[in-house]
Amino acid sequence: MKPMQQIRGISAVCLLAVPLALSGCGLFGSESASIDAPPPEVEAQMLQTSGGTTLDSGVFGPVTQEDTQTATKGSTKSAQGTASGDRTTVFLEDGNGLLAPVSLSLPKSKDASSALKNSLMALVSKGEYASSVPKGFQGVLPAGTEVSVTVDKSNLAVVEFNSEFNNYDPADERKILEAITWTLTGQDEIKGVQLWVDGKKLTEMPLQGTPLDRPLSRTIGINLPKQGPLLMNSSAVTVYFSTTSPDGIQYYVPVTRFVPAGQEQLTAALNELIAGPESGNGLEMVMTQGTILDSVDAGQNGVVTVSLTDDMFTDGKGVPAEMLESVVLTVAQNSDDSLVQIRLNGKESITDTDNVDYSKPVSAPEYLNEIPL
């Protein structure tokens, strides 16, 4: 990690002058309890579209071509003696107040509904799976919350909570919706989420009144930056930045950004990644100030080719792992789990600081952020 630490010392957080906007086809809310939720009419407009097209409901898919490899550390770890279904990725709150995907070892489930239930039970503060949550993370559902989940033929997850669910901090209302939605839509091809409490379908959240008249999907976004000027006809992309746990373990956090409408989605997402995170939110820059996006080519073979220029890595060796992994995660998030081929300074022969070879297309990991307890 020393090369990346040097880059972070050299690089300032340089944000692109892209206004954080409201989408005419899907509006998003706030990042954390310290950020005000959007006005009720904005929230309502956002959630009216959440049953439609999502960004990507399964970020961490397996390799789908024989000549590809899995490059990210989360994927490498999961390939070592971890059978499919042994781990579950849930979205927990970290020490910065952000939601992060964390892959936990949970009890094996007899069916899909039980697996979904277990994943939500891992979000319960001081719940039965609290011992599986690594240091520095916590669930966002109130202590004492009980859960049941059923899935209908349209892959809608119907979630019913007991009345303890209503005991959340009002400031956490958006964060709770994001954690539930992103946890469930990353599993079993779940396309949407509907919430019930004590046998009654929720049409709005109990405390702040967030409208729930339609199923939730990943169009609600996650970990939004502070709202800027409100502009219509904008769209949203989700990118992955890096940070470290209290024990010094590096992990990735998704952040939704608004970009002007009409931009090509992958290009916009990668430019936001290059721009870097907001200052003061605990996330770290994964690119250098000299990183330039030359082109993005979404080919017909299911591989997205990303061409970058960065004079710090002219030989293609010793490229920071965080830099390349964030590119893979961001492309997968915004392109239906496409495989990714990275070219750097015109070269495909690239090796990162973990000695991972990126000379062939790679996939996002099936399990991300396997953080030791």
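Within segment 317-373, which trypsin sites (Lys or Arg not before Pro) sit in a loop by DSSP and count at most 15 neighbouring Cβ atoms inside 10 Å? Taking segment 317-373 and a limit of 15 other Cβ atoms within 10 Å, the loop trypsin sites (Lys or Arg not before Pro) found are 317. If you sort the three axes of the alpha carbon gyration tensor as a ≥ b ≥ c, you get a/c under 1.5 for segment 231-373, which makes it rounded.
With contacts taken as Cα pairs under 8 Å and at least 6 residues apart, segment 149-205 reaches a relative contact order of 45 percent. Were the residues from residue 86 through residue 263 laid out at 0.36 nm apart, the gain over their Cα-Cα distance would be 59.8 nm.
Working note: Karplus 6.51/-1.76/1.60 with θ = phi - 60° gives segment 184-197 the couplings 6, 6, x, 10, 6, 6, 5, 9, x, 9, 10, 10, 10, 9 Hz, where Gly and Pro are set to x.
Across segment 133-144, coupling constants 3J(HN,Hα) worked out from phi with the 6.51/-1.76/1.60 Karplus curve, θ = phi - 60°, read 8, x, 4, x, 10, 7, x, 9, 8, x, 4, x Hz, and Gly and Pro carry x.
If the chain linking residue 114 and residue 345 were pulled fully straight, counting 0.36 nm for each residue of separation and taking away their Cα-Cα distance, it would gain 78.4 nm.
Structure note, pairs 153/201; 126/200; 108/200; 108/201; 117/175; 110/153: Cα-Cα distances above 22 angstrom occur for 126/200; 108/200; 108/201.
Where a number appears in this text, it was derived from the coordinates with a stated rule and is not lab data. Please read these numbers as outputs of a predicted model, since none were measured by experiment. Backbone-built Cβ (ideal geometry, glycine too); neighbour counts: all protein chains shown.
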